[in-house]
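Enquirer: One structure follows; several queries about it will come next.
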Amino acid sequence: MMVNIMASYDLTLINPPALIERPPVEQSGTLFVPEKLRITAMNPGILSLFTYLKSKGFSVNILDLSLDTEYSSMEKKIKNIDSRYVGISSTSGFDYLESLKIAEFTKTHTNAQIFIGGQHAGPLGELVLMDSQNIDAVIKFEGELVLEQILKSNTDNKFKIPGVVYKENNKIITVPGKSPKIKLNDLPFLDYSSYPNYLKFVPFIEESRGCVYGCNFCTSNTINHRRIDMKSPKRFLDETDYCVSLFGKEKAYAVLASTYGVNPKFGKEIALGMKKFGIKWNSEFRADSEWEEFIYELLDSGYEVVNIGLESGSPDILKLMGKTKNPYLYLGKMRKLAKIVSKSSAVMRSNFMFYIGETPKTIQETIKFISQTPEIHSVQFSPLIVFNNTPVFNNFAKYREEYGCDIINTEYWQRRHFYPVHPSKYFSFDEVATLGHVLEKIFSKEDAWIEAAKSLYSQENKEVVKKIKETLRESRFRRSK
Ligand code: B12
């Protein structure tokens, strides 16, 4: 297909809304978004692509549809697109159907060629092109250098780049190999103020990209081929300084990392540097990372929620998850961490998952762990969601035989390629969802739970934040929707 060379823009990047089509199951843990709230976050992937491509001289704009609640309003906005290319970013299974709808509207109303990428659509690869006739290519991994190459190219070969999936004569072709990877230190500072309504959102700053761990349920290591790239502390702090000059000191800043401080020296230097900004900020790290090297500096720097994906208190389940080979050391480090955090003003939050193979004994071990670690102020319990191409997805038949687990394989989830799970012969999805609700209420202090949950939603001003917190409190702790 010919691209429209007369178009006003080279590329329009689109952030889809999540969950226009709501799931037909009880929402809990990571699946929990109250009826009255919408996820309101800028899309950092899109912002990074935008910033980089603009710095290379391309004309790019961003269409953020995350607050749209109906397909009809999205269609109206998409009709106005005047670009050679349109790139859609699908972060999670929650926005995938909505992304496909955006592709359909774009194909109907414009002449743009359409790509899709992001942490959900990327790893799906060929499946996306089987799901949609409207998408021309899937970019499986990081997008900056790949999009630059595509936008520069005038030939029909423009998609022949490692990590790109495209159609040729109705055949789906995946170009093998790892896509070129940008160095985070070489990226210009994110161009936040070009993001539509940027002051509505939680400011995001990337500390690192990628994950070196290999948890069997997670996709975080796929997008970067299990490599990690970290910004130098100086680069990170300079960018934060710039970001604070735009967003001010009232907002809570989210520092993006699969594991903050993988290089603990960097973790310490960044924490020391953050103090001078006088802001509140958060990130995530693992219980068994080298947090001893930076924890006191972190707690003295405005760090407000220590968010740990502990996942389980059961040694057997932790091993099955591939979370750690040494569960006793891992759980011991979590206890130590919680004790230290409890002496600060930060919230100690721990996330748990009901995993494949849970038995009454493993659940009891997790409950016992939390009871015996009262310094944990807030817990979140999620049922396992199985993502395409993760080890747990690929080995599911074996697990089914061994543990009696099953995926909820209805049309809704098949279309999203995102499967909730009945964890074992002992527990159904609904049972663990209900149990998760109860455990969250028993073991969380309300304010701490809400503080930790608020980063998914708008931070436009104090009034908005207050209202969101009230809605979260009502829907989580007062049994209203
Ligand atoms: C920040 C973040 C969020 C933010 C912002 C989301 C957003 N719109 O980007 C918030 C808090 C809102 C959020 C919400 C959720 N998230 Co989230 N989130 C993350 C996190 C921590 C970082 C992602 C990130 O921004 N990285 C930095 C940017 C620069 O990287 P990137 O997004 O990968 O973008 C690059 C490439 O993917 C690619 N790319 C991205 N878009 C596009 C588009 C095109 C056209 C191209 C070519 C390339 C491209 O190029 C980018 C630059 O190289 C990841 C985990 C992690 N550590 O990576 C989870 C993660 C993406 N989230 C996840 C989930 C499950 C959710 C929620 C469902 C959880 C919930 N209930 O709260 C919701 C759903 C949101 C939605 N819109 O669907 C899962 C997704 C798994 C899956 N396959 O579905 C992840 C992987 C965490 C995990 N391991 O489980 N999330």
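Derivation of every value follows stated rules applied to the coordinates shown; laboratory data play no part. All values derive from a computational prediction rather than experimental measurement. FYI the Cβ positions are ideal-geometry reconstructions off the backbone, even for glycines, and counts take in every protein chain you see.
Enquirer: Report the Rg/Rh value for the range 40-111, based on alpha-carbon coordinates and the Kirkwood definition of Rh.
Expert: Here the Rg-to-Rh quotient is 0.95.
Enquirer: Which one, 222, 87, 283, projects farthest toward the positive side of the charge dipole computed for the chain from Cβ point charges (K/R +1, D/E -1)?
Expert: Looking along the dipole axis, the top candidate is 283.
Enquirer: Moving to a separate point now. Could you list the residues of the range 65-80 with an amide nitrogen less than 16 Å from a label point located 7 Å from the Cα of residue 467 in the Cα-to-C-beta direction?
Expert: 67-69
Enquirer: Another question, then. Would you kindly calculate the mean projected area, averaged across all directions, of the convex hull enclosing the Cα atoms of the range 77-125, in square nanometres?
Expert: 3.2
Enquirer: Based on DSSP, what percent of beta bridges with both residues in the range 9-174 are antiparallel, to the nearest 5? Walk me through the intermediate numbers first.
Expert: Working: 7 of 24 bridges.
About 30 percent, rounded to the nearest 5.
Enquirer: Next question. Could you compute Rg(Cα) / (2.2 N^0.38 Å) for the range 278-324, with N its residue count?
Expert: Against the compact-globule rule of thumb, the ratio is 1.39.
Enquirer: Quantify how much of the Cα-Cα distance distribution of the chain extends past 32 Å, in percent.
Expert: Across the chain, Cα pairs with separations above 32 Å total 40 percent.
Enquirer: Can you give the Kirkwood hydrodynamic radius for the range 124-169, in Å, rounded to one decimal and based on Cα pairs?
Expert: Over the range 124-169, the inverse of the mean reciprocal pair distance is 11.1 Å.
Enquirer: Here's something else I'd like to know. Could you give me the percent of Cα pairs per 5 Å distance bin for the range 9-174, shortest bin first, beginning at zero and ending with the bin that holds the maximum distance?
Expert: 1, 9, 19, 22, 22, 14, 8, 4, 1, 0
Enquirer: Taking the range 93-212 as the region of interest, what is the percent of Cα-Cα pairs per 5 angstrom bin, listed from the shortest bin to the one with the maximum distance?
Expert: Each 5 Å bin holds this share of Cα pairs: 2, 10, 17, 20, 21, 16, 10, 4, 1.
Enquirer: What does the helix-only formula give at 222 nm for the chain: each DSSP H stretch with n ≥ 4 adding -39500 (n - 2.57), the total divided by the residues, and the result rounded to the nearest 500 deg cm²/dmol? Please report the intermediate quantities before stating the final value.
Expert: Details: 18 runs with 178 residues, N = 481.
After summing the helix terms and dividing by residue count, I get -11000 deg cm²/dmol.
Enquirer: Normalised radius of gyration for the range 210-313, please: alpha carbon Rg relative to 2.2 N^0.38 Å, two decimal places.
Expert: 1.09
Enquirer: Any idea how far apart residue 411 and residue 395 come out in nm if each label point goes 7 Å out from Cα toward Cβ?
Expert: 3.4
Enquirer: From the Cα gyration tensor of the range 238-367, with a ≥ b ≥ c the square roots of its eigenvalues, which class applies: rounded if a/c is under 1.5, or else prolate if a/b is larger than b/c, or else oblate?
Expert: Prolate.
Enquirer: Sticking with this one: If you take every residue apart from residue 400 with its C-beta less than 12 Å away from the C-beta of residue 400, what net charge results, scoring Lys and Arg +1 and Asp and Glu -1? Can you show the working numbers first?
Expert: Numbers: positive: 398, 425; negative: 401, 402, 406.
Neighbour charge sum, excluding residue 400 itself: -1.
Enquirer: Let me ask another. Beyond a 23 Å Cα-Cα separation, which of these cross-linked pairs lie in this structure: 56/101; 445/469; 276/323?
Expert: On the way: 56/101 30 Å; 445/469 14 Å; 276/323 35 Å.
In this structure, 56/101; 276/323 exceed 23 Å between Cα atoms.
Enquirer: Under unit Cβ charges (Lys, Arg +1; Asp, Glu -1), what dipole magnitude, rounded to 20 debye, does the range 9-174 have relative to its Cα centre?
Expert: So the dipole magnitude of the range 9-174 works out to roughly 380 debye.
Enquirer: What nm value, rounded to one decimal, do you get for the distance between residue 183 and residue 133 when each label is placed 7 Å out toward the C-beta?
Expert: Placing both labels 7 Å along Cα→Cβ, they lie 4.7 nm apart.
Enquirer: Next question, about the same structure. Straight distance only, please: which lysines reach the Cα of residue 107 with their own Cα at less than 25 Å, same-chain residues fewer than 8 apart left out?
Expert: 54, 76, 77, 79, 140, 152, 158, 160, 167, 171
Enquirer: Okay, which of the range 344-371 sit inside 16 Å, backbone N to the point 7 Å along the Cα-Cβ direction of residue 442?
Expert: Inside the label zone: 352-354, 359-371.
Enquirer: Also, I was wondering about something else. Tell me, for the chain, which Cys residues have no other cysteine's C-beta sitting closer than 4.7 Å.
Expert: So, 211, 243, 405.
Enquirer: Let me ask you something else. Restricting the calculation to Cα positions, tell me the Rg (one decimal) and the Dmax (whole number) of the range 385-481 in Å.
Expert: Looking at the range 385-481, its Cα Rg and Dmax stand at 17.4, 52 Å.
Enquirer: Students often forget the sequence filter, so: which aspartates and glutamates lie under 14 Å Cα-Cα from residue 462 once same-chain residues fewer than 8 apart are removed?
Expert: In chain and number order, the partners are 250, 451, 470.
Enquirer: Now, a different point. Going by the alpha-carbon gyration tensor, a ≥ b ≥ c the square roots of its eigenvalues, is the range 385-440 rounded (a/c under 1.5) or, if a/c is not under 1.5, prolate (a/b greater than b/c) versus oblate?
Expert: It is oblate, given that a/c is not under 1.5 and a/b is not larger than b/c.
Enquirer: Here is a follow-up. Could you tell me the relative contact order of the range 304-448? Use alpha-carbon pairs under 8 Å, at least six residues apart, and round to a whole percent.
Expert: Numbers: 223 pairs, mean separation 37.1, N = 145.
Answer for the range 304-448 is 26 percent.
Enquirer: Could you pull the Cα extents of the range 286-436 along its three principal axes, largest to smallest, in whole Å?
Expert: 48, 31, 28
Enquirer: P(r) for the range 202-477, please, calculated from all Cα pair distances in 5 Å bins and given in %.
Expert: Percent of pairs per bin, in order: 1, 5, 12, 16, 17, 18, 15, 10, 5, 2, 0, 0.
Enquirer: When Lys and Arg each count +1 and Asp and Glu each count -1, what net charge do the other residues less than 11 Å away from residue 278, Cβ to Cβ, add up to?
Expert: Its environment carries a net charge of +3.
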